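The values are calculated or read from the model by the stated rules, or taken from the named source; none is laboratory data. Computed from a predicted model, the values in this text were never measured in an experiment. Cβ placement follows ideal geometry from the backbone for every residue including glycine, while neighbour counts extend to all protein chains displayed.
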Amino acid sequence: MKLQKASRYALYAVLHLASSPDRHYSTAEIADEYDVSTHHLAKVMRTLVRSGIIESVRGVGGGYRFAGNIRRTTLWDIIHEFESLASDIEARDNLSRPAHIVVSGLEIVTGEIDGLVRSTLDSITLQTLLRYGIEAIEREYHAAEARAGSG
Amino acid sequence: MDIRQADSTGVSVRPATAADESAIVALDATITGTAKSAYWADILERYTGPGNGPDRCCLVATSTTGEIAGFIVGEIRAWEFGSPPCGWVIALSVAPDRRERGIGSLLLGELCAALKQGDVSTIRTMVLRDDKVNMSFFRGEGLAAGPYIELEKHLE
């Protein structure tokens with residue numbers, strides 16, 4: 001699965017804000033953290049504000065903060081603001097019978113894959129994803145410690 | 001099995017008995033919309049009856065007044081297609097007005113502890129992929145897509 005740049009930037013931003021719900025971050029700070037275009041991220045942030053996932057904070061120390069429920073908001077809730085992730089194989093009306101057979105078969109397979117992708121993304125909340133990250137880092141840390149201990 | 005209580009949930013977990021049948025049927029009907037009396041009578045007979053070892057387990061979470069706030073059913077199944085026996089979560093329900101308090105986590109944790117006595121190292125379950133509540137619950141409890149995939153076919 002290859003996400004569009006806007007979806008990827010949105011995931012970075014929302015997860016970054018959700019991981020520190022008491023802090024505000026500016027677009028530039030988040031762009032700097034993930035080494036992405038501030039200009040492109042600013043457009044993504046506006047879409048996220050309109051959708052209610054994040055909100056802007058005015059004044060000194062302003063920026064953005066997470067406005068959802070970390071235990072309820074899923075990865076799909078963010079991604080679908082930017083793309084459908086649906087395959088673009090679709091049977092047209094004027095296909096020959098052999099072409100219709102091929103395209104219809106491909107539609108079934110890509111539909112099955114699309115369903116699995118969407119349900120996976122819609123089952124992973126931001127809290128779960130952040131926990132995956134913490135556990136991955138802890139595993140790396142323990143593996144490095146074990147290597148250092150045996151070396 | 002000991003009765004366990006978690007402070008934040010306000011419930012105790014204990015093995016189910018035949019006397020819990022009507023409360024379980026009612027809770028299940030509240031959630032699924034269908035009262036399956038015969039089904040639950042059969043489950044309770046097979047999972048709580050005499051002679052059941054750690055390979056079959058039905059637990060209920062009860063409030064201080066004895067009201068059933070949730071239940072879980074699991075068992076150890078031998079499995080073909082190259083898998084060693086593993087624990088299966090067959091059913092898990094928490095009353096809608098008692099959710100978000102950790103009752104499901106408590107029930108799952110107690111079930112895992114019980115099944116582990118049967119010498120399995122993995123638990124599995126099968127959930128409708130569009131069932132966001134259950135899917136995200138099990139994900140949050142650390143379950144992820146495993147090496148097996150459910151396949152099915154409509155019988156004409």
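General observations
- Note on region A:125-147: among residues that are in contact (Cβ under 8 Å) with a residue 12 or more places away in the chain and under 13 Å from B:GLY142 (Cα atoms), the one that is nearest to the other protein chains (Cβ to nearest Cβ) is A:THR125.
- Residues satisfying the stated conditions in region A:63-87, i.e. closer than 30 Å to A:ALA31 by Cβ and surrounded by fewer than 16 Cβ atoms within 10 Å (Cβ to Cβ): A:ASN69, A:ARG71, A:ARG72, A:GLU83, A:SER84, A:ALA86
- Residue selection: B:VAL89 fails the criterion of being buried (at least 17 other Cβ atoms within 10 Å of the Cβ), in a loop (DSSP other than H, G, I, E, B) and away from chain A (no Cβ under 14 Å).
- Evaluation of B:PHE138 against the conditions (1) farther than 18 Å from A:LEU75 by Cα; (2) within 16 Å of the chain's Cα centre (by Cα); (3) within 13 Å of chain A (Cβ to nearest Cβ) shows that the sole unmet condition is (1).
- Test: residue in region B:89-98 that is free of Cβ contacts under 8 Å to residues at least 24 places away in the same chain and of a type in the set (Asp, Glu): yes
- Scope region A:93-124; condition assigned to a helix (DSSP H, G or I), at the interface with chain B (Cβ under 10 Å from one of its Cβ atoms) and among the hydrophobic types (A, V, I, L, M, F, W, C); matching residues: A:LEU116
- The condition of being in contact with a Ser or Thr (Cβ under 8 Å, 6 or more places away or on another chain) and either modelled with pLDDT of 95 or more or farther than 30 Å from A:ASP22 by Cβ (or both) holds for only one of A:LEU130, A:LEU116, that being A:LEU130.
- Residues of region A:15-67 classified as of a type in the set (S, T, N, Q) and part of a helix (DSSP H, G or I), total: 5
- Residues within region A:69-83 that are touching a Lys or Arg at 6+ places or on another chain (Cβ under 8 Å) and either away from chain B (no Cβ under 13 Å) or more than 18 Å from A:ARG50 (Cβ to Cβ) (or both), tallied: 1
- Just one of the listed residues (B:ILE103, B:ILE149) is closer than 24 Å to B:ALA41 by Cα and aliphatic (A, V, I, L, M), namely B:ILE103.
- Search result, residues across region A:68-83 that are in a loop (DSSP other than H, G, I, E, B) and not basic (Lys, Arg): A:GLY68, A:ASN69, A:ILE70, A:THR73, A:HIS80, A:GLU81, A:PHE82, A:GLU83
- Scanning region B:126-135 for residues that are part of a helix (DSSP H, G or I) and either more than 7 Å from chain A (Cβ to nearest Cβ) or more than 19 Å from B:GLY74 (Cβ to Cβ) (or both) gives B:LYS132, B:VAL133, B:ASN134.
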